[in-house]
Amino acid sequence: MLQEYLAEHYAPGEPIFLSDIELPQMSDENIRYHLKRLTDQDIIRRFEAGVYYFPKTNLFGERAEISVDTVVMHKYIRRRGRRVGYYSGYTLANRMGISTQVPFTEEITSNFAPAPVRELTIRNRKYVVRRPVVEITEDNVQVLQFLDCLKDIERCAEVDMEYCGQILSVFAKNHEITKSKIDRLIAYYPLKIYKAIYETGVEYVSP
């Protein structure tokens with residue numbers, strides 16, 4: 001029963017989180033027992049406690065292990081196809097192009113953060129995971145990234161404020177970030193964000 005359920009809901013190479021398995025007819029203890037049996041039979045593999053996967057087979061017939069990045073992406077950024085997080089802090093600044101620094105510790109904001117701020121090490125990779133100011137959804141994720149970038153701009157930016165404003169203005173235009181969308185969320189941010197908006201001269205879509 002469990003093997004059929006997993007094969008139906010998870011593709012090879014996609015992390016399977018124990019906490020996401022929904023089989024009301026099986027107890028948690030029974031699920032763990034059958035996960036161990038499937039692991040012992042090499043049908044699935046265990047990445048770490050509570051994380052499993054069906055291994056992909058490459059062109060040479062070898063069964064490949066999933067990467068840490070894949071596990072983190074599925075655990076904290078897009079869970080079961082649903083947007084639950086985004087990269088933030090220095091990681092976001094680098095991806096946005098306002099910093100050339102490639103951070104050693106990746107920063108993530110996620111609905112699944114285990115604490116307000118938590119430092120994690122997964123297979124020798126370091127992450128800082130934070131809870132968001134409001135629940136992250138597909139509809140608000142770009143606005144939250146935009147506001148987070150402004151909030152952290154003094155800490156993370158390596159270019160001048162005017163250039164930061166140009167980059168963020170393009171981001172706002174591309175993602176149709178309007179004043180009304182900003183107004184719904186900006187109250188959750190510290191007052192210094194208004195200083196960042198003024199200094200960067202950032203523009204977003206009206207109304």
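A compact table of results
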| read-out | value |
| --- | --- |
| Helical mean residue ellipticity (222 nm; -39500 (n - 2.57) per DSSP H run of 4+; nearest 500) of the chain | -10500 deg cm²/dmol |
| Chain lengthening between Tyr33 and Arg80 when straightened (0.36 nm per residue, less Cα-Cα) | 14.6 nm |
| Surface share of carbon and sulfur [accessible, 1.4 angstrom probe, percent] for the chain | 50 percent |
| Estimated inter-spin distance, Gln101 and Glu48, nm [label 7 Å along Cα→Cβ] | 2.5 nm |
| Two-site FRET efficiency, Leu191 against Val134, from Cβ-Cβ distance with R₀ of 25 Å, rounded to 0.05 | 0.90 |
| Cα gyration tensor shape for the range 160-207, rounded if a/c is under 1.5, else prolate or oblate | oblate |
| Karplus-derived HN-Hα couplings along the range 112-120 (A = 6.51, B = -1.76, C = 1.60, θ = phi - 60°), whole Hz, x at Gly and Pro | 9, 4, x, 7, x, 9, 9, 8, 10 |
| Built amide H within the under 5 Å cut-off of Ile16, gap 5+ | Tyr52, Tyr53 |
| Charge tally in the Cβ shell below 11 Å around Gly13, where Lys, Arg are +1 and Asp, Glu are -1, Gly13 excluded | +1 |
| Net charge contributed by nearby residues that have their C-beta within less than 13 Å of Ser110 (K/R +1, D/E -1) | +4 |
| Those lysines that a straight Cα-Cα span of less than 26 Å connects to Lys75, excepting residues fewer than 8 apart in one chain | Lys36, Lys56, Lys126, Lys151 |
| Protein-only accessible surface order, largest first, of Asp28, Asp69, Asp20 at 1.4 Å | Asp28, Asp69, Asp20 |
| FRET efficiency estimate (nearest 0.05) - Cβ-Cβ, Glu65 to Glu176, R0 35 angstrom | 0.35 |
| Estimated Rh, the range 52-207: Kirkwood, alpha-carbon pairs, angstrom | 16.7 Å |
| Accessible area of Lys195 in the full protein assembly, 1.4 Å probe (Å², nearest 10) | 100 Å² |
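The values are calculated or read from the model by the stated rules, or taken from the named source; none is laboratory data. Source: prediction; values computed, not measured. Note that each Cβ is placed from the backbone with ideal geometry, even for glycine, and that neighbours are counted across all protein chains shown. These area figures cover heavy atoms from the full protein model, side chains too; ligands, DNA and RNA do not enter into them. Shrake-Rupley method; radii C 1.70, N 1.55, O 1.52, S 1.80 Å.
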